[in-house]
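Structure record follows, encoded as structure tokens.
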Amino acid sequence: MIMASDIKESFFWSLFHSLGKKTMRVINDLGAAVIFFALAFLRIFRPKQFREIVQQVFYIGAKSSNIVMLIGLFTGMVLGLQLYYTLRKFGSEGFLGSVVALSLIRELGPVLTAIMITARAGSAMTAEIGILRISEQIDALYAMRIDPIRYLISPRIAASVISFPLLTAFFDLIGIIGGYLTGVVLLGVNKGAYFYRIDAYVDLTDIRGGFIKSLVFAVLVSTICCYQGYFTHLRTDSYGSKSVSLSTTSAVVLSCIMILISDYVITSFLM
């Protein structure tokens, strides 16, 4: 006769077994990703990498600049509009420039830039490497004694580390201009007060914190996207072209989650 206590014990055992299995899988994937990044990072400094890195900087950085600056402009305009009416309640419209600049430089610039690059270039990295994997072109590189990590992964990580901070700087600058257009041109905030508050309240610590975030985001996004594409053939939930689509989706979702989590962690240390 089966007792209620046996059913409860079996349920909790099954639950702990499932949680333990998922935890071990996450730890295993995390360790593999760290090793993957370490191997790719060390190969950045091998000779004959400059041309590939420049090509990836053009693709990841230059081709993403238009969308990043467009989003930066409208983000700054929305911030200027919303913050103006908030500050006006306290009679502090003159602080609009500093609030817009600090919001962009500290938080919105690095985060939104990283998310936009993930959506455009990160997904493309995963799909491209995944297609190379399922079409056995990566195996062909092994057969020709060409290191696929040095040839495919290292230039993308190096290009991301270069491109993310530069695009973040463009985002911040265009966002501040967008705040100027809304606050000064449309709503009549004093032009001198707008730029004076930026100069008075934005210091090097704020700028340095934003660039630190962009570098961390670059490493996370490039590693996750390349890792998902490189090991797409090991997925157990699909195979072939379906595995590439699922790997691309996983890469974008995981990258955005890690961007937000790491943003909180870095902010807590920098505050």
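The values are calculated or read from the model by the stated rules, or taken from the named source; none is laboratory data. Computed from a predicted structure; not experimentally measured. Note: ideal-geometry Cβ built from the backbone for every residue, glycine included; neighbour counts use all protein chains shown.
Just one of 86, 118 is closer than 26 Å to residue 213 by Cβ and surrounded by 21 or more Cβ atoms within 10 Å (Cβ to Cβ); which is it? I'd like the intermediate steps shown before the answer.
Details: 86 fails: surrounded by 21 or more Cβ atoms within 10 Å (Cβ to Cβ).
The match here is 118.
Looking at 24, 1, can you tell me which residue is modelled with pLDDT under 85 and exposed (fewer than 10 other Cβ atoms within 10 Å of the Cβ)? Full working, then the answer.
Details: 24 fails: exposed (fewer than 10 other Cβ atoms within 10 Å of the Cβ).
Going through 24, 1 in turn, the sole match is 1.
Across segment 219-240, what is the number of residues that are surrounded by 13 or more Cβ atoms within 10 Å (Cβ to Cβ), of a type in the set (Gly, Ala, Ser), farther than 30 Å from residue 206 by Cα and in contact (Cβ under 8 Å) with a residue 40 or more places away in the chain?
Summing the residues that are surrounded by 13 or more Cβ atoms within 10 Å (Cβ to Cβ), of a type in the set (Gly, Ala, Ser), farther than 30 Å from residue 206 by Cα and in contact (Cβ under 8 Å) with a residue 40 or more places away in the chain in segment 219-240 gives 1.
Tally up the residues in segment 134-149 that are within 23 Å of residue 42 (Cβ to Cβ), hydrophobic (A, V, I, L, M, F, W, C) and either surrounded by 12 or more Cβ atoms within 10 Å (Cβ to Cβ) or touching a helix residue (DSSP H, G or I) at 6+ places or on another chain (Cβ under 6 Å) (or both), please.
Total satisfying the criteria: 4.
Evaluate segment 254-265: report whether one residue or more is among the aliphatic types (A, V, I, L, M), in contact with an Asp or Glu (Cβ under 9 Å, 6 or more places away or on another chain) and surrounded by fewer than 21 Cβ atoms within 10 Å (Cβ to Cβ). Steps first, answer last, please.
The initial filter retains those residues of segment 254-265 that are among the aliphatic types (A, V, I, L, M), namely 254, 257-261, 265.
In the following step, the residues that additionally are in contact with an Asp or Glu (Cβ under 9 Å, 6 or more places away or on another chain) were identified as none.
No - not one qualifying residue is present in segment 254-265.
Can you confirm whether segment 197-204 contains a residue that is within 26 Å of the chain's Cα centre (by Cα) and either surrounded by 15 or more Cβ atoms within 10 Å (Cβ to Cβ) or under 30 Å from residue 231 (Cβ atoms) (or both)?
Of the residues in segment 197-204, the ones within 26 Å of the chain's Cα centre (by Cα) are 202-204.
Then keep just the ones that are either surrounded by 15 or more Cβ atoms within 10 Å (Cβ to Cβ) or under 30 Å from residue 231 (Cβ atoms) (or both); that gives 202.
Yes.
This table checks each residue for (1) modelled with pLDDT of 90 or more; (2) more than 23 Å from residue 123 (Cα to Cα); (3) of a type in the set (A, V, I, L, M, F, W, C); (4) part of a helix (DSSP H, G or I).
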residue	(1), (2), (3), (4)
152	yes, no, yes, yes
159	yes, no, yes, yes
165	yes, no, no, yes
169	yes, no, yes, yes
180	yes, yes, no, yes
213	yes, no, no, yes
219	yes, no, yes, yes
228	yes, no, no, yes
236	no, no, no, no
